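J.: Please read through the structure below; I'll follow up with questions.
The values are calculated or read from the model by the stated rules, or taken from the named source; none is laboratory data. Computed from a prediction, not measured in an experiment: that's the story for all the values here. Every residue, glycine among them, receives a Cβ derived from its backbone with ideal geometry; neighbour counts consider all protein chains shown. Note: accessible area is taken over every heavy atom of the protein model, side chains too, but ligands, DNA and RNA are not part of it. Shrake-Rupley method; radii C 1.70, N 1.55, O 1.52, S 1.80 Å.
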Amino acid sequence: MKLSLGRAAKNLVLSIAALCAGCGSSPPASNPSPLLASDVNLVFVVSEDLDHSGQGDVNPVTATLTNQGLQRSLAMGAFLRNSVLGGNNVTAIYALEPTTHLQTANHYPDLNALMSVQQFALLNQITLSSDLAGGSPYTGQNYPINVSYASGAVPDGVAVPAQFYPTCQGLDYNDTNGNNEALVNGIIGAGTPGFYVFAAPWKTVSSLLAKLNTDHNYNLSVPAGYVSPNHVYALSIAPATGTPRLATYDSRIMPSPAYPKLEPSAFVSAACSTPSPAAITITGGVGGAVVPANINKNETIYLVRHAEAHPHGYWSDNNYVGAGQWRALDLPSALLGKIAPDQVWSVDPAQSSVGTVSATGLSQWSSVAPALTVQPYAIANGLPFNLVSSIDTGLSSAPANISDYFFTGGTFSNHKLLVGWMYTQNPLIVNALLSSYFPNGGAPTAPGWSPFDYDSLWVITIDAAGNLTADFSQCEGISSSALPEMPPAF
């Protein structure tokens, strides 16, 4: 049923309802005062992993957050923004490069650090151009998260980017080549007041704090051991004197064990648009089609794109905006009964790509939106979540290589995958698959994917004989126009 509320009133109702369903508690009065905007403030959020976490926050099989762990990370956003930063806008956010920390025997990458600061990122704002020429500035409801690799520190088996962008660098779990200290020392040396937020597991955070304390002779009493996922550490330095202070904040969040409940539970259902063609069926031996010898069998891929990232024109910093958080968190509900994956996959967030231009001239950003869009679905359904990290998605050969990765070689035979990817490459990936059935040419082509279409759900199925069906007519059923500008409150 379509809501009759005006946009502003509707947004207010949604936000209040989400707040009522939130999982956090108010910080205790004994916490330190919020940090001073006149200082250089280094804020360390300890993300949860298999070694250090709150009881029940991490799935021991997949190493992803549980519903409870997700609840904690969502509540941490408002605590950081209000009680630690005092309502000030963040200056920069850095998180763990996921493939530098592989967990379990299946070597699942660690996405929990990204999740621990995503809600916080959405409570901040950044101004970027909203056209591809660098003009039409617009202030959007999110902040970019830096998780890209430093030169000389790309893990084995991970694609080395054609070009490194130091402004996108994140945190390395093992601090390869001392890159974490170099990153933070660069901030300290510049002496620019502001709020620099870092998210990584306890091993990385504790090591970094200890090294900073030693290298700068701060003589601070750094934490000796892991306490809880509610503890946040802030190292503040007065630029005029260089005097350091270390403060510990305790959010005292008591998360619910249930998946976050959004009210209303489903947004205005969007009728699926019908592209042309609506579907393509390819049968071996028919119309010149030949089933490729190495094609997977009994495989289904559900293909979606990242959540809302363009609040105005082409505005983008490769993180989704506040409206996107509503879609990402509602995805498990929206897709209930529509898909049945046994794995979730996405692009490595450490890969960067171009967006629009910031006031300081930056336009290259870590590509965190696709993974953050589908991770809530993996969490809600207890599914393993993995990344395609061995292919450089910035190369022209990427779509064909990604098609081979997902559809050939037998790895994903007898599996069903939810894949969150970039809308620009989705048609190219499918077209490469379609072309592989027509060695002599004449392959049909997939429809285009609009940059403003966030709702489509493409279903690619290969049967036991290798015959292919591509259905482009389905959708998530979430109306973008119904999503509030501000993220849900927890």
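Per-residue answers, yes or no, for (1) at pLDDT 95 or above; (2) open to solvent by less than 50 Å² (accessible area, probe 1.4 Å); (3) in a loop (DSSP other than H, G, I, E, B); (4) at positive phi:
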{"residue": "Leu5", "(1), (2), (3), (4)": "no, no, yes, no"}
{"residue": "Asn11", "(1), (2), (3), (4)": "no, yes, no, no"}
{"residue": "Gly22", "(1), (2), (3), (4)": "no, yes, yes, no"}
{"residue": "Asn41", "(1), (2), (3), (4)": "yes, yes, no, no"}
{"residue": "Leu50", "(1), (2), (3), (4)": "yes, no, yes, no"}
{"residue": "Gln55", "(1), (2), (3), (4)": "yes, no, yes, no"}
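J.: Here is a follow-up. Can you confirm whether segment 420-428 contains a residue that is of a type outside the set (Phe, Trp, Tyr), touching a Lys or Arg at 6+ places or on another chain (Cβ under 8 Å) and over 21 Å from Thr99 (Cβ atoms)?
T.: To start, the set of residues in segment 420-428 that are of a type outside the set (Phe, Trp, Tyr) comprises 420, 422, 424-428.
Keeping just the survivors that are touching a Lys or Arg at 6+ places or on another chain (Cβ under 8 Å) gives 420, 422, 426.
Checking the rest, the ones that are also over 21 Å from Thr99 (Cβ atoms) come to 426.
Checked segment 420-428: at least one residue is of a type outside the set (Phe, Trp, Tyr), touching a Lys or Arg at 6+ places or on another chain (Cβ under 8 Å) and over 21 Å from Thr99 (Cβ atoms).
J.: Go through (1) within 19 Å of the chain's Cα centre (by Cα); (2) modelled with pLDDT of 95 or more; (3) of a type outside the set (Lys, Arg) and name the single condition Ala309 misses.
T.: For Ala309, the failing item is (2).
J.: Still on this structure, I have one more. Take Val61 and tell me if it is farther than 27 Å from Ala234 by Cβ, surrounded by fewer than 24 Cβ atoms within 10 Å (Cβ to Cβ) and at pLDDT below 95.
T.: No.
J.: Scan segment 334-351 and tell me whether some residue there is β-branched (Val, Ile, Thr), within 29 Å of Gly284 (Cα to Cα) and touching a Ser or Thr at 6+ places or on another chain (Cβ under 7 Å).
T.: No, segment 334-351 contains no residue that is β-branched (Val, Ile, Thr), within 29 Å of Gly284 (Cα to Cα) and touching a Ser or Thr at 6+ places or on another chain (Cβ under 7 Å).
J.: Can you find a residue in segment 469-490 that is open to solvent by 30 Å² or more (accessible area, probe 1.4 Å), within 21 Å of Pro277 (Cα to Cα) and not in a strand (DSSP E or B)?
T.: The answer is no, given that none of the residues of segment 469-490 is open to solvent by 30 Å² or more (accessible area, probe 1.4 Å), within 21 Å of Pro277 (Cα to Cα) and not in a strand (DSSP E or B).
J.: Let me ask something else. Could you tell me which residue of segment 411-427 is most open to solvent (accessible area, probe 1.4 Å), considering only residues that are over 17 Å from the mean Cα position of the chain (by Cα) and farther than 18 Å from Thr445 by Cα? Explain how you work it out, then say what you get.
T.: From segment 411-427, those over 17 Å from the mean Cα position of the chain (by Cα) are 411-417, 424-427; that's our starting set.
After this cut, where a residue has to be farther than 18 Å from Thr445 by Cα as well, the list is 411-417.
Working: Thr411: 93, Phe412: 8, Ser413: 26, Asn414: 109, His415: 58, Lys416: 86, Leu417: 0 Å².
Selected residue: Asn414.
J.: Taking only segment 80-111 into account, find how many residues are over 28 Å from Thr127 (Cβ atoms), small (Gly, Ala, Ser) and crowded, with 19+ Cβ neighbours inside 10 Å.
T.: 0
J.: Just a yes or no: is a residue in segment 318-335 open to solvent by less than 20 Å² (accessible area, probe 1.4 Å), in a loop (DSSP other than H, G, I, E, B) and either within 23 Å of Thr62 (Cα to Cα) or of a type in the set (A, V, I, L, M, F, W, C) (or both)?
T.: Scanning segment 318-335, I find at least one residue that is open to solvent by less than 20 Å² (accessible area, probe 1.4 Å), in a loop (DSSP other than H, G, I, E, B) and either within 23 Å of Thr62 (Cα to Cα) or of a type in the set (A, V, I, L, M, F, W, C) (or both), so the answer is yes.
J.: When you check Leu372 against the structure, is it surrounded by 21 or more Cβ atoms within 10 Å (Cβ to Cβ), touching a helix residue (DSSP H, G or I) at 6+ places or on another chain (Cβ under 7 Å), more than 30 Å from Thr91 (Cβ to Cβ) and in contact (Cβ under 8 Å) with a residue 40 or more places away in the chain, yes or no? Lay out the reasoning, then the answer.
T.: Numbers: surrounded by 21 or more Cβ atoms within 10 Å (Cβ to Cβ): yes; touching a helix residue (DSSP H, G or I) at 6+ places or on another chain (Cβ under 7 Å): yes; more than 30 Å from Thr91 (Cβ to Cβ): no; in contact (Cβ under 8 Å) with a residue 40 or more places away in the chain: yes.
It is false that Leu372 is surrounded by 21 or more Cβ atoms within 10 Å (Cβ to Cβ), touching a helix residue (DSSP H, G or I) at 6+ places or on another chain (Cβ under 7 Å), more than 30 Å from Thr91 (Cβ to Cβ) and in contact (Cβ under 8 Å) with a residue 40 or more places away in the chain.
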